[in-house]
Amino acid sequence: MEVKIGVQYAPREIVLESGQSAEEVERAVADALSGKATLLSLEDEKGRRVLVPSDKIAYVELGETAVRRVGFGTL
């Protein structure tokens, strides 16, 4: 699933493809915003961890993974 995280005072958003389910990502974001966790910690498909301080999160956008099309077929 594609996750976009807006960070305060940063000109660009963080975009990652996560292997976690939407419910897991939503739970992690809710915990970070409610104060249960000081960091939002997500893992991308390659196993890398992305850590964002919870007090600097501006927004989080969850989307489905886009299917990559290969070839010259019609759309």
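The values are calculated or read from the model by the stated rules, or taken from the named source; none is laboratory data. What you see is a predicted model; the values in this text were computed from it and never measured. Don't worry about glycine lacking a Cβ; one is built from the backbone with ideal geometry, like all the others, and counts go over all protein chains shown. Ligands, DNA and RNA are excluded from the accessible area calculation, which covers all protein heavy atoms including side chains. Shrake-Rupley method; radii C 1.70, N 1.55, O 1.52, S 1.80 Å.
The conditions are (1) open to solvent by less than 50 Å² (accessible area, probe 1.4 Å); (2) in a helix (DSSP H, G or I), and Gly47 fails exactly one of them. Which is it?
Looking at each condition in turn, Gly47 falls short on (2).
Search segment 50-60 for residues being open to solvent by less than 90 Å² (accessible area, probe 1.4 Å) and closer than 13 Å to Val3 by Cβ, and hand back the single one that is nearest to the chain's Cα centre (by Cα). So that I can check it myself, show each step before the final result.
Let us first name the residues in segment 50-60 that are open to solvent by less than 90 Å² (accessible area, probe 1.4 Å), namely 50, 52-54, 56-58, 60.
Next cut, closer than 13 Å to Val3 by Cβ only: 50, 52, 57, 60.
Values: Val50: 9, Val52: 10, Ile57: 11, Val60: 7 Å.
Taking the candidates together, the pick is Val60.
If you scan segment 6-42, which residues turn out to be open to solvent by 70 Å² or more (accessible area, probe 1.4 Å), under 12 Å from Val60 (Cα atoms) and assigned to a strand (DSSP E or B)?
The answer is Val15, and nothing else.
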